[in-house]
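As structure tokens, the structure follows; a few thoughts come after it.
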Amino acid sequence: MLVAAIAVLAVTGCDRQNGGGGSANEVSPAVLEAFAERFPGAENVRWSVKGEYAVANFYWEGTRASSVAANCSAWFENSGGAWSMTETEILFDALPQAVKDAFAASEYASWSVDREVDVLYRSGEVEPEIYVIEVKQAGREMDLYYSPDGVLVKTVADSGPDYDYGDFIPSPPSAGIEEYIRTHYPSARIIDVDAEYEGTEVEIVDGGVKRELFFDRNGAWQYTKTEIRRSELPATVVAAWEASEYAEANGYSLDDVDLFETAADGTFYRLELESRNGDVKLKITPEGELSLYEPMGDGSVPTDVDAFIRDNYPGATVLERDSDDGYLEVDIMHDGRRKEVLFNGSGAWVRTSWEIRYNELPAAVLETIRNSEYASWEFDGADYVQTPDGEWYEIELEDERADREVTLRISADGSIR
């Protein structure tokens with residue numbers, strides 16, 4: 001009777017594009033049966049079909065995360081009915097103590113916290129339980145993904161109220177990839193598997209440390225990246241940095257450090273530095289050999305991101321992808337310029353920017369600067385910025401005598417934003 005009732009709900013609640021039984025846009029009988037078995041007593045069930053998945057939104061009292069009826073979403077493979085993921089909610093106070101302790105010790109501890117936390121349960125050879133804490137500060141929103149033992153496994157810019165975690169359902173790793181991980185990281189737990197055209201990226205937690213591994217299309221290991229603290233840098237690496245033109249004494253500050261172990265280029269540390277003269281990335285080997293970091297150019301980006309770049313920057317070459325303050329940062333070469341394209345946690349485009357020389361600034365922009373209170377200040381760099389809300393020039397000016405800096409946003413017509 002329950003299966004029959006769910007079937008009625010499926011007919012009334014399922015998103016369809018084609019009529020008739022057996023459509024690819026209908027929930028399969030196998031899914032309905034699997035749902036009834038897994039979530040007995042589910043109420044207010046509403047179905048939709050998203051790609052190859054049938055998704056149920058419902059209330060259920062049987063969730064492990066709560067003893068009260070919770071709002072849940074469950075994902076099933078529509079073809080065979082296999083369960084893939086369930087999302088539900090708990091209160092922040094109900095988090096495992098290890099997660100609360102890790103958050104309290106994090107850089108986000110002073111941010112405003114949403115009292116409701118999303119909990120993800122997933123199938124397959126991955127970490128089955130993930131907690132997503134939403135925090136806010138000064139107009140910024142971040143989603144923090146924690147494992148039950150308190151490891152911060154992912155930080156992304158908030159994806160918005162319509163995000164459903166569909167892209168957090170991991171792809172199954174190939175036998176070769178899984179064997180490599182078990183051989184080289186025997187105690188590791190797999191957090192996420194993202195299979196793209198250029199290869200497969202796997203995120204693991206290994207002894208409380210998060211690592212990212214990349215494999216090519218044939219499943220051959222290419223590199224492992226591990227974010228480390230400054231205190232973990234070898235003395236030889238620190239000495240090489242301090243002796244370079246990019247030393248802290250010359251105005252450069254350390255933003256991030258990653259340890260790369262690669263198949264093609266050995267082991268090295270990548271230091272991301274910031275300064276008034278621009279940002280720079282250094283590559284320093286454990287022996288202290290220093291050079292400017294050149295992207296490894298695996299070119300692997302999510303399908304929707306790749307489509308956006310191809311549509312909006314035709315002919316562009318993807319140089320590198322990375323994470324930056326919770327955003328996916330993709331560096332591309334387009335029209336002879338290196339451009340930085342940012343996407344939020346749901347893959348939505350946020351911003352594109354690239355450097356502009358002084359002699360490239362439009363006359364109207366220069367006129368606005370000359371007529372402003374900063375006319376006597378020195379030019380310290382400029383970027384051209386594109387966002388969903390418009391485009392402008394971001395002009396950095398400085399007054400060395402007063403040790404002051406300012407950034408102006410000026411449209412091509414000279415208007416200040």
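What percent does the relative contact order of the range 212-287 come to when contacts are Cα pairs within less than 8 Å and at least six residues apart?
Averaging sequence separation for qualifying contacts and normalising by length gives 27 percent for the range 212-287.
Could you check the simple spin-label distance between residue 230 and residue 164, using points 7 Å along Cα→Cβ, in nm with one decimal?
4.4 nm
Taking θ = phi - 60°, what integer Hz values does the Karplus form 6.51 cos²θ - 1.76 cosθ + 1.60 yield along the range 31-43, in sequence order, with x for Gly and Pro?
5, 4, 5, 5, 5, 4, 6, 7, 10, x, x, 4, 10
When the distances between all Cα atoms of the chain are binned every 20 Å from zero, what whole-number percent does each bin get?
P(r) for the chain, in whole percents per bin: 21, 51, 24, 3, 0.
Any aspartates and glutamates with Cα under 12 Å of the residue 339 Cα? List them, leaving off those in the same chain fewer than 8 positions away.
Result set, ordered by chain and number: 320, 329, 331, 355, 383.
Excluding residues on the same chain fewer than 8 positions from residue 136, give the aspartates and glutamates whose Cα lies under 19 Å from its Cα.
Candidates past the 8-residue exclusion: 89, 93, 101, 107, 114, 116, 118, 158, 162, 324, 325.
FRET efficiency for residue 386 and residue 61, Cβ-Cβ distance as r, R0 = 41 Å, nearest 0.05?
0.30
Helix-only mean residue ellipticity at 222 nm, the chain, DSSP H runs n ≥ 4 weighted -39,500 (n - 2.57), per residue, nearest 500. What is it?
So the calculated ellipticity at 222 nm is -4500 deg cm²/dmol.
Springs between alpha-carbon pairs under 10 angstrom, Gaussian network model over the chain: which of 249, 82, 195 fluctuates most?
Taking springs between Cα atoms under 10 Å, the residue moving most is 249.
For the chain, with a Gaussian network of springs between Cα atoms less than 10 Å apart, report the residue from 371, 57, 78 with the top mean-square fluctuation.
Answer for the Gaussian network model of the chain: 371.
Once you keep just the Cα pairs under 8 angstrom separated by 6 or more residues, what percentage relative contact order results for the range 127-219?
So the answer I get is 19 percent.
Calculate the length of the line joining the C-alpha centroid of the range 315-363 to that of the range 73-126, in whole Å.
31 Å
Counting alpha carbon pairs within less than 8 Å and at least 6 residues apart, what relative contact order, in whole percent, applies to the chain?
6 percent
Using a Gaussian network for the chain with springs between C-alpha atoms less than 10 Å apart, which of these wobbles most: 328, 254, 152?
Highest fluctuation of the listed residues: 254.
Please give every one of the lysines within straight-line cross-link reach of residue 225, meaning a C-alpha to C-alpha distance under 18 Å, and leave out same-chain neighbours fewer than 8 residues apart.
154, 210, 281, 283
With each label point set 7 Å from Cα along the Cα-Cβ vector, what nm distance links residue 411 and residue 367?
Those two pseudo-labels are separated by 1.5 nm.
Roughly how far apart, in whole Å, are the Cα centres of the range 243-271 and the range 156-196?
27 Å
Just so you know, all these numbers are worked out from the coordinates, no wet-lab data involved. If you're wondering where the values come from, they're calculated on a predicted model, not measured in any experiment. Heads up, the Cβs are rebuilt from the backbone with ideal geometry, glycines too, and the neighbour counts pull from every protein chain shown.
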